[in-house]
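The values are calculated or read from the model by the stated rules, or taken from the named source; none is laboratory data. All values derive from a computational prediction rather than experimental measurement. Cβ placement follows ideal geometry from the backbone for every residue including glycine, while neighbour counts extend to all protein chains displayed. What goes into the accessible areas is simple: the full protein's heavy atoms, side chains included, and nothing from ligands, DNA or RNA. Shrake-Rupley method; radii C 1.70, N 1.55, O 1.52, S 1.80 Å.
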Amino acid sequence: MPINLNINEQNLKAQEGETLLTVARREGIPLPTLCFLEGLSVAGSCRLCLVEVEGSSKLQPACALKVTEGLSVKTATERLKRYRKMIVELLFAEGNHVCAVCVSNGNCELQDLAVQMGVDHIRFSYQFPERKVDLSHPLFGFDANRCVLCTRCVRACDEIEGAHTWDVAGRGQSAHIISDMAQPWGSATSCTSCSKCVAVCPVGALFGKGVSVAEMKHQPAVVDFLASARREQNWHKKEEQ
Ligand code: SF4
Ligand code: SF4
Ligand code: FES
């Protein structure tokens, strides 16, 4: 039975079990995302996809919000725009993002979001945290200064590769990404060097060794391809399309 809902005064139909983000994307309604990635489980942690739900004072993340009959939401109010811009600014302020010397300069989802939201300066104090760069893996590097804690690497490594090398340690401001038992990536015996974590990182935190400034291009769509190929047992999907 189709579900009737309303997005931005537009009456739409959806299927039971779908999320608001899925419906919005299908209908061409723009919604910014960072932690969400097609093919991975939903983290709902970055809060960039927040929407206003009629009858509720609480903002809800569209990536985690399952559609229900009569659901009515707004996705682009001034309040939401203000929050989203603030979230992006806070991400810049809490890490050390020096775009001019970043491997992902020009190919970075955080930069793209900042451009979309008209971020031309940061209104918050930079935290300048002391964070390490891990170059112990023979093929890849991890620069924690640029990590936005989206956990895409954690989920891709666990759910798609089945290695579970990455995890989040600590809470709140001290939360950070670790490999195996908080040891250097190069000594993490669970890592198969498959590169899936590098492919899905939205920023320049995970990169291939040997790439220079602005050369790192991530391939986040790879996990959706693998997830749906496994689900449908069709490994030729791309060629057929
Ligand atoms: S290279 Fe593969 S196995 Fe190693 S940490 Fe990344 S996703 Fe996990
Ligand atoms: S290393 Fe990249 S993919 Fe992993 S949590 Fe940090 S920003 Fe996200
Ligand atoms: S994309 Fe929905 S909370 Fe991150």
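For this structure, a couple of remarks:
- Candidates Val42, Val98, Val88, filtered to the one that is of a type in the set (A, V, I, L, M, F, W, C) and over 17 Å from the mean Cα position of the chain (by Cα): Val98
- Among residues of the stretch 137-157 being among the hydrophobic types (A, V, I, L, M, F, W, C) and within 6 Å of ligand 2 (Cβ to nearest atom), the one that is nearest to Cys46 (Cα to Cα) is Cys150.
- Any hit, the stretch 97-115, residues being open to solvent by 20 Å² or more (accessible area, probe 1.4 Å) and touching a Phe, Trp or Tyr at 6+ places or on another chain (Cβ under 8 Å): no
- Every condition in (1) within 21 Å of the chain's Cα centre (by Cα); (2) of a type outside the set (Ser, Thr, Tyr); (3) at pLDDT 95 or above is met by Gly172 except one, and the failing one is (3).
- The helices (runs of 4 or more DSSP H) falling completely within the stretch 150-241 that include 3 or more residues that are among the small types (Gly, Ala, Ser) and surrounded by 12 or more Cβ atoms within 10 Å (Cβ to Cβ) map to 221-232.
- Applying the set (1) of a type in the set (S, T, N, Q); (2) surrounded by 14 or more Cβ atoms within 10 Å (Cβ to Cβ); (3) outside the structural domain of Leu149 (by TED's automatic domain parsing) to Gln15 leaves exactly one unmet item: (2).
- Of the residues Ser212, Ser179, the single one that is under 30 Å from Val88 (Cβ atoms), away from ligand 2 (no atom under 11 Å from the Cβ), over 18 Å from the mean Cα position of the chain (by Cα) and in contact (Cβ under 8 Å) with a residue 40 or more places away in the chain is Ser212.
- Options Val222, Val154, Val198; residue that is touching a Phe, Trp or Tyr at 6+ places or on another chain (Cβ under 7 Å), away from ligand 3 (no atom under 16 Å from the Cβ) and on the phi < 0 side of the Ramachandran plot: Val198
- Members of the stretch 56-85 found to be more than 16 Å from Cys46 (Cβ to Cβ) and of a type in the set (Gly, Ala, Ser), listed by number: Ser56, Ser57, Gly70, Ser72, Ala76
- Failed item in (1) of a type outside the set (Val, Ile, Thr); (2) within 15 Å of ligand 1 (Cβ to nearest atom); (3) free of Cβ contacts under 8 Å to residues at least 12 places away in the same chain, with Cys153 passing the rest: (3)
- Residue, farthest from the chain's Cα centre (by Cα), within the stretch 75-85, restricted to residues that are over 22 Å from Pro129 (Cα atoms) and open to solvent by less than 70 Å² (accessible area, probe 1.4 Å): Thr77
- Residue check: Val168 meets all listed conditions (1) within 16 Å of ligand 3 (Cβ to nearest atom); (2) in contact with a Lys or Arg (Cβ under 7 Å, 6 or more places away or on another chain) but one, namely (2).
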